[in-house]
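Trainee: My structure is below; once you've seen it, I'll send some questions.
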């Protein structure tokens with residue numbers, strides 16, 4: 001049986017009816033012994049990575065949905081893989097976890113996704129790198145530069161580079177009297193913080209599709225999200241609604257290439273966000289959407305989990 005340790009947010013904060021981490025663990029526990037890494041217990045002792053862990057089993061129908069064994073400290077180089085599922089923001093705390101897990105990776109332990117790749121890549125920038133069509137965008141912390149971009153493109157969205165779930169994202173325009181205030185809010189009131197500014201695409205018209213990539217593959221159905229009334233953010237965490245739709249054939253073939261590139265760089269699980277013909281970002285830290293795409297099946301979750309076990313087998317050979 002495989003042995004997989006999960007680095008994640010406190011398990012009691014998971015929503016077993018929504019969280020993709022729950023779905024992955026639920027499928028992985030069929031063939032693997034899962035170890036829950038107690039938050040804030042990671043230790044880098046010279047070159048040895050240790051953590052306090054508990055064996056964990058989960059069941060959506062029980063209360064609470066998880067059962068933990070007695071906690072003990074172990075060396076993490078004695079397991080088959082680490083599932084890295086800590087949520088952003090990608091701040092110093094997050095990056096320090098990635099640095100410590102990176103030491104395991106350097107020692108030959110499989111970490112999904114690669115912490116070194118996550119440190120080098122940025123989810124918002126990746127979208128621009130791999131979009132088949134160019135969405136006008138800039139990354140800057142200079143208010144005058146941002147203002148010139150807004151004047152050119154009229155309606156824009158401003159996003160922080162290290163957040164998730166639609167947090168601190170603002171829509172603004174040349175006529176918006178609160179333009180500078182919104183920019184500063186996205187910068188967390190620190191004018192040295194870089195942000196990404198993208199030309200606004202009518203998400204009410206096109207929807208925002210989350211497409212799952214796993215181990216070099218592309219899942220054929222995506223989560224097409226729409227904002228609630230008087231909102232531009234389609235994130236489900238912001239009250240968006242959704243429907244399941246097949247991925248456009250042209251985009252599917254393009255993402256097959258992207259998925260292979262990401263896999264070659266240690267990104268084995270990603271969530272691509274597409275509006276119209278543009279990739280707006282690629283989530284590589286803690287992709288979500290599995291339960292919604294699964295519906296009443298476990299088709300996607302089981303395929304992703306199986307691909308992780310295949311990775312372990314390939315890594316050992």
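Trainee: Of everything in the range 176-209, what is in contact with a strand residue (DSSP E or B) (Cβ under 8 Å, 6 or more places away or on another chain) and in a helix (DSSP H, G or I)? Give them in sequence order.
Mentor: So in the range 176-209, the residues in contact with a strand residue (DSSP E or B) (Cβ under 8 Å, 6 or more places away or on another chain) come out as 178-179, 182-183, 185-188, 193-201, 203-204, 206-209.
Correct list: 179, 182, 183, 185, 186, 203, 204, 206.
Trainee: I need a count of the residues in the range 218-233 that are surrounded by 19 or more Cβ atoms within 10 Å (Cβ to Cβ), modelled with pLDDT of 90 or more and in contact with a helix residue (DSSP H, G or I) (Cβ under 8 Å, 6 or more places away or on another chain).
Mentor: Selection size over the range 218-233: 5.
Trainee: Could you check the range 274-312 and list, in sequence order, the residues that are in contact with a strand residue (DSSP E or B) (Cβ under 9 Å, 6 or more places away or on another chain), assigned to a helix (DSSP H, G or I) and closer than 19 Å to residue 6 by Cα?
Mentor: Scanning the range 274-312 gives 290, 303, 304, 305, 307, 308, 309, 311, 312.
Trainee: Being within 23 Å of the chain's Cα centre (by Cα) and loosely packed, with under 15 Cβ neighbours inside 10 Å narrows it down to one residue among 70, 60; which is it? Steps first, please.
Mentor: On the way: 70 fails: within 23 Å of the chain's Cα centre (by Cα).
Step by step, each of 70, 60 is checked, and only 60 is within 23 Å of the chain's Cα centre (by Cα) and loosely packed, with under 15 Cβ neighbours inside 10 Å.
Trainee: Inside the range 141-153, can you point out the residues that are in a helix (DSSP H, G or I) and under 17 Å from residue 182 (Cβ atoms)?
Mentor: Narrowing the range 141-153 to residues in a helix (DSSP H, G or I): 143-153.
Answer for the range 141-153, where residues must be in a helix (DSSP H, G or I) and under 17 Å from residue 182 (Cβ atoms): 143, 144, 145, 146, 147, 148, 149, 150, 151, 153.
Trainee: Determine, yes or no, whether residue 293 is in contact with a helix residue (DSSP H, G or I) (Cβ under 7 Å, 6 or more places away or on another chain), within 18 Å of residue 224 (Cα to Cα) and either at pLDDT below 95 or not assigned by TED's automatic domain parsing to the domain that holds residue 213 (or both).
Mentor: Yes; evaluated as a whole, the condition is true for this residue.
Trainee: Does the range 238-259 contain at least one residue that is at pLDDT below 95, touching a helix residue (DSSP H, G or I) at 6+ places or on another chain (Cβ under 8 Å), part of a strand (DSSP E or B) and more than 30 Å from residue 303 (Cβ to Cβ)?
Mentor: Scanning the range 238-259 turns up no residue that is at pLDDT below 95, touching a helix residue (DSSP H, G or I) at 6+ places or on another chain (Cβ under 8 Å), part of a strand (DSSP E or B) and more than 30 Å from residue 303 (Cβ to Cβ).
Trainee: Would it be correct to say that residue 110 is assigned by TED's automatic domain parsing to the domain that holds residue 47 and in contact with a helix residue (DSSP H, G or I) (Cβ under 6 Å, 6 or more places away or on another chain)?
Mentor: Judged against the criteria, residue 110 is a match.
Trainee: Keeping to the range 30-48, report how many residues are assigned to a strand (DSSP E or B) and out of contact with any strand residue (DSSP E or B) (no Cβ under 7 Å at 6 or more places or on another chain). Even if it seems obvious, please write down each step before you answer.
Mentor: In the first step, residues of the range 30-48 are kept if they are assigned to a strand (DSSP E or B); the result is 32-37, 43-45, 48.
From what is left, the residues that are out of contact with any strand residue (DSSP E or B) (no Cβ under 7 Å at 6 or more places or on another chain) are 44-45.
So the answer is 2.
Trainee: Please go through the range 18-47 and give me each residue that is in contact with a helix residue (DSSP H, G or I) (Cβ under 7 Å, 6 or more places away or on another chain) and surrounded by fewer than 17 Cβ atoms within 10 Å (Cβ to Cβ), ordered by number.
Mentor: If the condition is that a residue be in contact with a helix residue (DSSP H, G or I) (Cβ under 7 Å, 6 or more places away or on another chain) and surrounded by fewer than 17 Cβ atoms within 10 Å (Cβ to Cβ), then 18, 31, 44, 47 are the ones that fit.
Trainee: Count, please, the residues in the range 90-140 that happen to be closer than 23 Å to residue 187 by Cβ, out of contact with any strand residue (DSSP E or B) (no Cβ under 8 Å at 6 or more places or on another chain) and not in a helix (DSSP H, G or I).
Mentor: The total comes to 4.
Trainee: Does residue 268 satisfy the criteria of being within 17 Å of the chain's Cα centre (by Cα) and either buried (at least 22 other Cβ atoms within 10 Å of the Cβ) or at pLDDT below 95 (or both)?
Mentor: Working: within 17 Å of the chain's Cα centre (by Cα): yes; either buried (at least 22 other Cβ atoms within 10 Å of the Cβ) or at pLDDT below 95 (or both): yes.
Judged against the criteria, residue 268 is a match.
The values are calculated or read from the model by the stated rules, or taken from the named source; none is laboratory data. It should be emphasised that the depicted structure is a prediction, and the values quoted were computed from it without experimental measurement. Please note: Cβ atoms are built from the backbone with ideal geometry, for glycine as well, and neighbour counts cover all protein chains shown.
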